[in-house]
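Trainee: Below you will find the structure I want to go over with you.
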DNA sequence: ATAGGGTTAG
């Protein structure tokens, strides 16, 4: 009897102590996190100062307090700091895990997020709608259908199929994995939809080349229920028009863009430019571009690519110089367009020079996609030996290999280079075997 | 406290 009451007292004392501590923490936070000066409140030093103060008050083992900090570092892309804090936590909760996973996705390492999710599942922490949305997002980025299906199953298991955000991210995930029908099934099963769900589905169609279906869905979209289309939706609709190659619907979409006042939006303008270029109207493409006051890297890239399509390689290179002069930094996609520009205009030496300086001058490390573009370029002009040499010189993942060797194969077929074609198809088979091998292994 | 949609290559 005595023992039990003693234990009971001890327990309530502990509970009180915890409540007290929680109160202190809340006060501490309203002081440190919300009273700070807004302009500085989001930078590294403010995070660092909170970090220092938590360290001094030895609260770094406290989950809720540390979560704020993990989240902050994650948002600042300071993933190592976030990770270290997480590792020190004796009892990470679902918020800690989610923040860290989102942080890894943010720095372009979604595979780590998936790995963390696996670890979380093996711990006692149960996923919630935030965690599942975040991992679904990681699967989208990686186009990992196998894990994605598993996440979908977890959504069902944890009774979250009624959550709009979770389901929209599933639609997006299936779309990015090229499983449009599956995406549609999830979309149709949703009882609550909003503009994001609709956009995800339209995007899923547009990105898998089903422009017609995308447009059809857009016409079904009910403005009176969900509000007017926003720039996300319109960008996707314009993209759908370029993938269906229909100038008529493209012009209608352009009309809608103007009507809703988004014609100065960078991203939408780029989509419009791409649409006109693909439909054979480079004049319109250029017109849209010249209407943008301060084009960012995206419309510049669209313009470079558009010019390249029409054999205006010199113009592409001039645009590259122009953007650099204006202080707009080219990115990895820009440099995917450059080989394309050169292969259509006999400017190969320029191109190789630019690719060599990609890293040195612009700090962009060429990856498999860039090499594939150069291989494509060399292939087009018939320099297949050089292309083969280049293809062999790099390490690629199986899916990248399939693309790389497929490119070389079609180029060597085009030029009747039997030996290189044979080599390329051997490599292609190898890549495909690796791909299906992974599939079997994971099934 | 933590979560979702758009563009630019082939």
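Trainee: Within the range A:221-234, identify whether any single residue is within 30 Å of residue A:381 (Cβ to Cβ) and modelled with pLDDT under 95, and answer yes or no.
Mentor: Checked the range A:221-234: no residue is within 30 Å of residue A:381 (Cβ to Cβ) and modelled with pLDDT under 95.
Trainee: Mind checking which residues of the range A:91-102 are more than 9 Å from DNA strand B (Cβ to nearest atom) and in a helix (DSSP H, G or I)?
Mentor: Going through the range A:91-102, the residues more than 9 Å from DNA strand B (Cβ to nearest atom) turn out to be A:91-92, A:100.
Once the filter is applied, which keeps residues that are more than 9 Å from DNA strand B (Cβ to nearest atom) and in a helix (DSSP H, G or I), the range A:91-102 yields only A:100.
Trainee: Another one. Which of the residues spanning the range A:333-350 are within 8 Å of DNA strand B (Cβ to nearest atom) and more than 12 Å from residue A:308 (Cβ to Cβ)?
Mentor: A:333
Trainee: Hey, another quick one. If the requirement is being closer than 12 Å to residue A:170 by Cβ and either without any contact (Cβ under 8 Å) to a residue 40 or more places away in the chain or surrounded by fewer than 22 Cβ atoms within 10 Å (Cβ to Cβ) (or both), which of these qualifies: A:138, A:143, A:153, A:131?
Mentor: None of the other options fit; the residue is A:153.
Trainee: Within 24 Å of residue A:392 (Cβ to Cβ) and within 15 Å of DNA strand B (Cβ to nearest atom): does that describe residue A:358? Outline the logic, then answer.
Mentor: Numbers: within 24 Å of residue A:392 (Cβ to Cβ): yes; within 15 Å of DNA strand B (Cβ to nearest atom): yes.
Here the answer is yes, as residue A:358 does meet what is asked.
Trainee: OK, next. Sort through A:161, A:185 and tell me the only one that's out of contact with any strand residue (DSSP E or B) (no Cβ under 7 Å at 6 or more places or on another chain) and outside any loop (DSSP other than H, G, I, E, B).
Mentor: On inspection, the qualifying residue turns out to be A:185.
Trainee: Right, something else. Which of the residues belonging to the range A:309-319 are crowded, with 21+ Cβ neighbours inside 10 Å and either within 9 Å of DNA strand B (Cβ to nearest atom) or within 22 Å of residue A:367 (Cα to Cα) (or both)? Before you say what the answer is, go through the steps one by one.
Mentor: As a first pass, look at the range A:309-319 and keep what is crowded, with 21+ Cβ neighbours inside 10 Å: A:313, A:316-317, A:319.
Matches in the range A:309-319: A:316, A:317.
Trainee: Would you confirm whether any residue within the range A:125-134 is modelled with pLDDT under 95, part of a helix (DSSP H, G or I) and out of contact with any strand residue (DSSP E or B) (no Cβ under 9 Å at 6 or more places or on another chain)?
Mentor: For the range A:125-134, residues modelled with pLDDT under 95, part of a helix (DSSP H, G or I) and out of contact with any strand residue (DSSP E or B) (no Cβ under 9 Å at 6 or more places or on another chain): absent.
Trainee: Also, quick follow-up: Being modelled with pLDDT of 95 or more, within 25 Å of residue A:399 (Cβ to Cβ), touching a helix residue (DSSP H, G or I) at 6+ places or on another chain (Cβ under 6 Å) and more than 13 Å from DNA strand B (Cβ to nearest atom) narrows it down to one residue among A:171, A:112, A:186; which is it? Quick ask: steps written out before the conclusion?
Mentor: Values: A:171 fails: more than 13 Å from DNA strand B (Cβ to nearest atom); A:186 fails: more than 13 Å from DNA strand B (Cβ to nearest atom).
The conditions single out A:112.
So that you can scan it fast, the table gives a plain yes or no per residue for (1) assigned to a loop (DSSP other than H, G, I, E, B); (2) at pLDDT below 90; (3) under 22 Å from residue A:107 (Cα atoms):
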| position | (1), (2), (3) |
| --- | --- |
| A:61 | yes, yes, no |
| A:65 | no, no, no |
| A:69 | no, no, yes |
| A:83 | no, no, yes |
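Trainee: Filter the helices (runs of 4 or more DSSP H) completely within the range A:197-269 down to those with at least 3 residues that are surrounded by 17 or more Cβ atoms within 10 Å (Cβ to Cβ) and within 13 Å of DNA strand B (Cβ to nearest atom).
Mentor: On the way: elements: A:211-220, A:223-226, A:231-244, A:247-259.
Because the criterion is at least 3 residues that are surrounded by 17 or more Cβ atoms within 10 Å (Cβ to Cβ) and within 13 Å of DNA strand B (Cβ to nearest atom), the helices (runs of 4 or more DSSP H) in the range A:197-269 that meet it are A:211-220, A:231-244, A:247-259.
Trainee: Here's a follow-up. Picking from A:280, A:327, which residue would you name as being surrounded by fewer than 19 Cβ atoms within 10 Å (Cβ to Cβ), away from DNA strand B (no atom under 12 Å from the Cβ), more than 24 Å from the chain's Cα centre (by Cα) and over 30 Å from residue A:360 (Cα atoms)?
Mentor: Details: A:327 fails: over 30 Å from residue A:360 (Cα atoms).
One residue alone meets the criteria, A:280.
Trainee: May I ask you to list the residues in the range A:207-260 that are within 23 Å of residue A:284 (Cα to Cα) and more than 26 Å from the chain's Cα centre (by Cα)?
Mentor: A:246, A:247, A:248, A:249, A:251, A:252, A:255, A:256, A:258, A:259, A:260
The values are calculated or read from the model by the stated rules, or taken from the named source; none is laboratory data. For clarity, every value in this text was computed on a predicted model and none was experimentally measured. Neighbour counts are summed over all protein chains in view; Cβ atoms, including those assigned to glycine, are modelled from backbone coordinates with ideal geometry.
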